[in-house]
Amino acid sequence: MEFDFNEDQKMLRDTARKFLEAECAPDKVRAILDDDSKTYDEGLYAKLVEMGFTGAAIPEEFGGLGLGYLELCVIAEELGRALAPVPFASSIFLAAEALLIAGSDAQKAAWLPKLVSGEAIGTLAMSEGNGVPSARNTDTRLEGGKVNGVKAVVPDGASANLIVALVRTSSGDSAKSLSLALVDASSGVTATSQHTVDPSRKMADLSFDGASAELLGGEGEGLSLLEQILDRAAVLTAFEQLGGATRALEMGVDYAKERFAFGRQIGSYQAIKHMLADMYVSQELARSNAYYGAWALSTDAAELPLAAATARVSGTQAFQHCSKNNIQTHGGMGFTWEVDAHLYYRRSNHLALTLGSLRQWKDKLATQLEKQNQAA
Amino acid sequence: MNFDDTPEEAKFRAEVRAWIDANAPKHLDEMLSTSTMGRSNIDPEAFRAESKAWQKKKQEAGWACMQWPTEFGGRGATPIERVIWSQEEGHYGILSGIFLIGQGMCGPTMMGFATKEQNEELLPRLASGEDIWCQMFSEPSAGSDLAGLRTRAEKDGDEWVINGQKIWTSGAHYCDWGILLTRTDPTVAKHKGLTMFFVDMKSPGIEVRPIKQVNGNSDFNEVFFTDLRVSDAQRLGDVGQGWIVALTTLMNERLAIGGGMATGFPELLSFVQGLDFDGTPAIKDGAVRERLADWHVLSAGLKHTSSRMISALSKGETPGPEASIGKLVAGSLMQEISLYAAELQEQTGAIIDTETAPFGGRFQAMMLRSPATRIEGGTDEILRNIIAERVLGLPADVRVDKDVAFKDVPKGA
Ligand SMILES: Cc1cc2nc3c(=O)[nH]c(=O)nc-3n(C[C@H](O)[C@H](O)[C@H](O)COP(=O)(O)OP(=O)(O)OC[C@H]3O[C@@H](n4cnc5c(N)ncnc54)[C@H](O)[C@@H]3O)c2cc1C
């Protein structure tokens, strides 16, 4: 059994960590956070491209390195740890995966090399307001190669040139009335930025007014393709969450050693020690669940839907748990804009609210458990 | 990243599987597959006889005490071979429960500190299940704070005279030998005045009184020593070195307990799958689904954490104190699962008889046993301290008893 990353992958992790420590210190995150006019750190994104990170899991014929998903997981963890303010997840975990899952050869050839090189930024636009996207709440329509409608709070919506959108291709409430569309955002798309919980990862409403689009995958397969895309993205995002959780825990531990109250280090009080120990436990469990997700993703295992939902719920819980208690450990300092603790808190909640809520993913997880047990 | 055996591991697994298939006590399958946390449908003495028979058979074929050297009755196997063995042994491993303390903790302590002759005489009998050993550490006034123990050993010629009391000693009522931690010098700081012995449990001067537990069983005991005489040759380690010796035992305890801990989750899932609420499947209920999802995350997380540890072993690395998360998570998980399952059973959840309780009373057995998991072998609070101090490097608790002679340390009732 080798339920771990191999030596090359660990080397890649070290490289990515050193690179991001040098290129993505918290002041880089704040530069995006504090400036409404900047959608992402373009300089950093260009360097991530140069490092080959965007192409890690994309086949060589489409301009990638063709390494694999395990390498991409390793990179995702480091991006999460550094809170990288770039559209990596939207472009690579969502748009590129959508193309790899459902794209025709021509679509892949047209767009994947551009996503890898950073010439294009992609994203996924699914919901139009409250609730899990369904035929009942999806009005955006694809007709005669044009899309019309509005999608709500799309991650990196204002930066995207390529939008994978859930659209209606026939009327009615049946799941079969929905499909995926590949929308070229060069004309007919207006982005309206929203102020969101984590401005270092901008989001925008997208209004489509006759934008050119084509089907991605078969007509009527929108929801089933969406499931597949989200399962893959959930594993990759779980690594991002894991990286953030680990760093938030480290910050809390460091502060607990440094800060004195009542004549001793606050880390010598059990209320603090035990809180940090519990953060460690949730982070370790999330790590193990993410690794299992990585295994399922990289081997395209039948267990992927269960592994992905488990990694997603575990990763979300661990990051939220670690980031909120990191603030608690910091006391009043933790509530200032100046101390970095809130950057992790913001990101943990941003990640918890994009890609589907905990409630949705727990429900998916339970559905997989039902199936698993029936099969057994 | 893979779950595959190396070729050597696969070969070893095939050998283990074939032997178990040919030799396992299959007549016990039903009892073992429904036994839950020390509650099974055969009485403890018959259970012990089955345990001893299986142990003897394993030892004769070279499958006992996998990691011990062969001259002491073991196999000299690698840690990963031991893991493979226990994966393949499956529920027959439940039969080895009564040997766990002896083989997992007392044996390694003996190997570290007893003479070669003593080990050659005693350890093969421990390996074959002929003898069972216990660990006499905790006392009424010393559990988490083990080094606060008071049982006195005083030198008399080349013997020691021991007076005092141990408590919570698992298995003392049927054990043949035990290791015993005593205080030999109360005038020095508490960790410095301790000395370890091994003793014959049938010696005059030892009285064992079983304690009735919350779950109605009597697995642990009080042990009283009245002028118990022990030869100096049965001392383990130097006089005053007992704490160091005890740490060897406790380190092995963590390794013995660490692995795949039961959580009750598979039982819960299978119970819920067969349940309905007035005609609607329980598994369609939102509240039930949320609990299942949350608890699956914990139980899967533990399972995959243990796979990470096994991978480290397979590479010849030693898993660190991370292993402490297993018992910490599994103990309260099982407790919560058992309470919730009983809740889903409504009034019938109150029944504890195996025959009449829903689901064979397995959740009630968990409900009444799981509190112990959170206490034995290091309480939840002590485990959090260990994680905080040894894994995260946080400062130790403030100690008022540090560098104070034991006799002057403040003591409660
Ligand atoms: C089923 C079972 C089997 C056992 N078998 C054996 C055996 O075979 N041999 C043996 O020697 N012992 C055995 N024990 C004893 C076990 O090791 C002790 O019960 C355990 O270490 C706790 O000690 P205590 O009972 O004295 O509780 P205490 O130490 O008195 O603890 C009481 C409470 O105080 C808390 N506490 C204590 N110290 C601290 C601290 N520093 N910080 C925060 N909280 C603290 C504890 O967490 C607990 O909640 C067994 C116990 C059980 C339940």
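Derivation of every value follows stated rules applied to the coordinates shown; laboratory data play no part. Since the structure is predicted, the reported quantities are computational estimates derived from the model, not experimental observations. Every residue, glycine as well, gets a Cβ built from its backbone with ideal geometry; the counts of neighbours run over all protein chains shown.
Each label point was placed 7 Å from the Cα along the Cα-to-Cβ direction; for B:Ala287 and B:Thr226 their separation is 5.6 nm.
Summary of packing: across the peptides B:81-92, A:314-325, the per-residue average of other C-beta atoms within 10 Å ranks them, highest first, as A:314-325, B:81-92. Taking 13 Å as the straight-line reach from the Cα of A:Lys28, the aspartates and glutamates in range (excluding those fewer than 8 positions away in the same chain) are A:Asp41, A:Glu42, A:Asp340. Once backbone amide H atoms are built at 1.01 Å from N, A:Val154 has A:Ala204, A:Asp205, A:Leu206 as its partners under 5 Å, excluding neighbours fewer than 5 places away on the same chain.
If you take all other residues with their beta carbon under 9 Å from the beta carbon of A:Ala89, and give Lys and Arg +1 and Asp and Glu -1, the sum is -1.
Neighbouring Cβ atoms from other chains, within 10 Å of the Cβ of residues in B:262-270, number 1 on average. With the alpha-carbon atoms of the range B:135-247 aligned to their principal axes, the span from lowest to highest coordinate is 41, 29, 20 Å, starting with the largest.
Please find, in a Gaussian network model of chain B (springs between Cα atoms separated by less than 10 Å), the residue of B:Gly102, B:Gly264, B:Gly286 whose mean-square fluctuation is greatest. Residue with maximal mean-square fluctuation among B:Gly102, B:Gly264, B:Gly286: B:Gly286.
By the count of other C-beta atoms within 10 Å, a proxy for reagent exposure, B:Ser170, B:Ser338, A:Ser170 are ordered fewest to most as A:Ser170, B:Ser170, B:Ser338. For chain B, the Cβ-based charge dipole about the Cα centre amounts to some 540 debye (Lys, Arg positive; Asp, Glu negative; other atoms uncharged). Mean per-residue shielding of peptide B:396-406 is 1, counting Cβ atoms of other chains within 10 Å of each Cβ. With each label modelled as a point 7 angstrom along the Cα→C-beta vector, the B:Ala233-A:Ser186 pair spans 9.5 nm. Pairs of Cα atoms in the protein assembly as shown fall into 20 Å distance bins, from 0 up to the last occupied one, in shares of 14, 41, 31, 12, 1, 0 percent.
Taking only alpha carbon atoms, chain B gives an Rg to Rh ratio of 0.98, where Rh is the Kirkwood radius.
Of the chymotrypsin sites (Phe, Trp or Tyr not before Pro) found in the range B:163-246, no site is in coil according to DSSP while having at most 16 other Cβ atoms within 10 Å of its Cβ. Within chain B, B:Cys65, B:Cys106 have no other Cys Cβ under 4.7 Å of their Cβ and so lack a disulfide-compatible partner by this rule. Placing +1 on the Cβ of every Lys and Arg and -1 on the Cβ of every Asp and Glu, with nothing else charged, gives the range A:7-117 a dipole about its Cα centre of roughly 60 debye. So if R0 is 60 Å, what FRET efficiency would A:Ala301 and A:Arg264 give, r being the distance between their Cβ atoms, rounded to the nearest 0.05? Here the calculated transfer efficiency is 0.75. Go ahead and set up a Gaussian network model of chain A, Cα springs under 10 Å, then flag whichever of A:Ser193, A:Ser224, A:Ser37 fluctuates most. The residue with the greatest mean-square fluctuation here is A:Ser37.
Between B:Met251 and B:Ser270, full extension at 0.36 nm per residue minus the direct alpha carbon distance yields a gain of 3.3 nm. With 31 Å as the limit, the listed pairs A:Lys18/A:Lys273; B:Lys56/B:Lys116; A:Lys176/B:Lys303; A:Lys202/A:Lys362 have A:Lys176/B:Lys303 beyond it between alpha carbons. Counting only lysines at least 8 places from B:Lys166 when in the same chain, those with an alpha carbon closer than 18 Å to its own are B:Lys190, B:Lys202, B:Lys212, B:Lys411.
Spatially, the range B:283-341 and the range B:211-227 are offset by 31 Å when compared through their Cα centroids.
Protection proxy ranking of A:171-183, B:1-13, by the mean of other Cβ atoms within 10 Å over each peptide's residues and highest first, is A:171-183, B:1-13. Please tell me which of these pairs span more than 24 angstrom C-alpha to C-alpha: A:Lys10/A:Lys324; A:Lys257/B:Lys402; A:Lys38/A:Lys324? Where the Cα-Cα span goes over 24 Å, the pairs concerned are A:Lys10/A:Lys324; A:Lys38/A:Lys324. First measure r as the distance between the Cβ atoms of A:Asp209 and A:Ala46, then evaluate 1/(1 + (r/R0)^6) with R0 = 30 Å and state the FRET efficiency to the nearest 0.05. The formula returns an efficiency of 0.45 here.
Stretching the chain fully between B:Leu100 and B:Asp278 yields a gain of 59.6 nm (0.36 nm per residue, less the alpha carbon separation). Straight-distance candidates among the lysines for linking to B:Lys155, with alpha-carbon spacing under 17 Å and chain neighbours fewer than 8 residues away dropped: B:Lys192. Taking a ≥ b ≥ c as the square roots of the eigenvalues of the alpha-carbon gyration tensor, the range A:122-220 is classed oblate because a/c is 1.5 or more while a/b is no larger than b/c. Label positions at B:Asp21 and A:Ala22, each projected 7 Å from the Cα along the C-beta direction, are separated by 5.7 nm.
For the peptide A:314-327, the mean number of other protein chain Cβ atoms found within 10 angstrom of a residue's Cβ is 1.
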